[in-house]
Amino acid sequence: MRIFIKHFICLFLLQNLAAQVQEEINPPEHIKSIIFKGPTQDQFPVIKIGEPIYLEFDDLLANEQDYYYKITHCDYDWNKSSLLKSQYLDGIDNQRITNYANSYTTLETYSNYQLSLPNDNVRLKVSGNYLIEVYNSSYELQFSRRFIVYNDLVNVSASIKRSRDFNFLNEKQVVQFKIKSPNLRLINPKKEVKVAILQNYYWPTALYNIAPQYTLGDELVYKYDKETSFFGGNEFLLFDTSDLRAPTSQISSIELTDLYNHYLFADDFRNDKPYTYFPDINGDFVIRTLQGDNASREAEYTNVHFSLPYTEFIALDDVYIFGKFNNYALSDDNKMTYNEKNGMMEATLKMKQGFYNYKYVLKDGDTIKLNAVGGNFHFTENNYLILVYYRNFGDMYDSIIGVGSANSRNITN
């Protein structure tokens, strides 16, 4: 009886471990400027099987320590799938990242690491959700990132509409789309097919488990209003430090101490102002420098100074600087503090030279207010990604059979 109980407890623990959602883990303070992309410039890889993935990051310890990578296949809900490694990988992962070099001619020394997939050691065999994890030589997890691999078996067409809900008429955007499967017979699409919809590749606000509204021949039609709606937000703020010594319309002054210091003009609340369009890259960033030919290993790190007026609207909420540059983390590194002398919320972030998007978010306990400072507008330009998952009866994993995209620049009523 005692042996039976032990086996039951072990089985229970293993099942819970297998069902653990694979979240993205952000790195320690000494690892910065993580670039992770496919063939496009968007820093979230969505690739067909066989297309390349590129990972790059800097270690400010600059001691050329060893890092290793591990790849995990996940199901639709981002739990580990039941596939064995040999079923989704051709080759062996847990390999050392061998392409690295120290920076040169920079005030801040760092080691730059680069990895491409597929490579001589490993290739991906099946479609689906994936997670790449990077470990140090002590096998301590440093960070992880999600990516998507798909087969192009269905066609996805999408459009962005204004909300018909009068409470959010000027604040929300609605994603409507169709999935056409001329070459794949869907017997029971409500059970076989699942979708996920992302705004600007941001997972925390992704929409899941939306069934097709109706079928029309070989088409699945998703023509919802409330079920597939997102708050529009506002255009991201931006700055460019590509030229270390040149103030711009965003940079008020530059000082040189141990590192360059770039002081941005104070930002302001936009939630109570009319919408103004200016081009952004939807929260992303691009590493670049005018002081060298190889931005990966010649770009400087600079101290970028942010400021936002403190108002009663903030109250006791925490204020964070938010963007893809730190994978939208809310941590002490990008948390603002109140300066009693000038009445401003301020923060200083060490960032590699380049072009950056950012915005301010508020946090009250566990509640994150993404658009409280910037406001919500249906005019805002956003990218939307639609992932189509398929799992037939008896299949061991959720494959991805198609992707679609749309941009709210072409929004209609």
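The values are calculated or read from the model by the stated rules, or taken from the named source; none is laboratory data. Quick caveat: nothing in here was measured; it's all calculated off a predicted structure. All Cβ positions, even for glycine, are placed from backbone atoms using ideal geometry, and neighbour counts span all protein chains on display. When the accessible area is computed, the model is the full protein with side chains, heavy atoms only, and any ligands, DNA or RNA have been set aside. Shrake-Rupley method; radii C 1.70, N 1.55, O 1.52, S 1.80 Å.
Set the Förster radius R0 to 51 Å, insert the Cβ-Cβ distance between ASP272 and GLU51 as r into 1/(1 + (r/R0)^6), and round the FRET efficiency to 0.05.
0.70
In whole Å, what is the distance between the alpha-carbon centres of segment 295-352 and segment 65-119?
Going from one Cα centre to the other spans 29 Å.
How high is the relative contact order of segment 203-327, given as a whole-number percent (alpha carbon pairs under 8 Å, six or more residues apart)?
Values: 121 pairs, mean separation 26.9, N = 125.
This gives 22 percent for segment 203-327.
Determine, for each peptide in 244-253, 292-301, the mean count of other beta carbons within 10 angstrom over its residues, then list the peptides with the highest first. Can you show the working numbers first?
Details: 244-253: 13.4, 292-301: 17.5.
In decreasing order of mean packing, 244-253, 292-301 become 292-301, 244-253.
Alpha carbons only, please: Rg and Dmax for segment 104-160, in angstrom.
In order Rg, Dmax, the Cα atoms of segment 104-160 give 17.5, 51 Å.
So which of LYS194/LYS363; LYS125/LYS180; LYS226/LYS324 end up more than 30 Å apart by C-alpha? It would help to have the intermediate numbers written out before the result.
Working: LYS194/LYS363 32 Å; LYS125/LYS180 25 Å; LYS226/LYS324 27 Å.
Over 30 Å apart, Cα to Cα: LYS194/LYS363.
Sticking with the crude label model, points 7 Å out along Cα→Cβ, report the distance from GLU64 to LEU84 in nm, one decimal please.
3.9 nm
Calculate, axis by axis, the spread of Cα positions in the chain along the three principal axes, and write the results as whole Å, longest axis first.
Principal extents (largest minus smallest coordinate, Cα): 64, 56, 51 Å.
For the pair ASP225 and GLU192, how long in nm is the line joining their label points, each one 7 Å along Cα→Cβ?
3.2 nm
Below 8 Å, C-alpha to C-alpha, sequence gap of six or more: please give me the relative contact order for the chain in percent.
Values: 965 pairs, mean separation 72.9, N = 413.
In percent, rounded to a whole number, it is 18.
What aspartates and glutamates could a cross-link reach from LYS48, if we take a straight Cα to Cα line under 13 Å and drop same-chain neighbours fewer than 8 places away?
ASP152
Ranked from highest to lowest mean number of other Cβ atoms within 10 Å per residue, what is the order of the peptides 44-51, 380-387?
On the way: 44-51: 17.5, 380-387: 21.9.
Descending mean neighbour count gives 380-387, 44-51.
Summarise the accessible area of the chain (1.4 Å probe, protein heavy atoms) by the percent that is carbon and sulfur.
Details: 10240 of 20200 Å².
Its accessible area is 51 percent carbon and sulfur atoms.
Please sort 349-355, 229-235 by packing, taking for each peptide the average over its residues of neighbouring beta carbons within 10 angstrom, highest first.
Numbers: 349-355: 20.3, 229-235: 22.9.
The most tightly packed comes first, giving 229-235, 349-355.
How big is segment 134-178 on each of its three principal axes, counting only the C-alpha atoms and giving the largest first in Å?
55, 33, 9
Over the alpha carbons of segment 233-319, what is the largest minus smallest coordinate on each principal axis, giving the biggest first in Å?
If we take the Cα atoms of segment 233-319, the spans are 44, 29, 22 Å.
What is the projected area of the convex hull of the Cα atoms of segment 106-235, averaged over all directions, in nm²? Each step should come with its number before you reach the end.
Values: hull surface 53.7 nm².
Over every viewing direction, the Cα hull of segment 106-235 projects on average to 13.4 nm².
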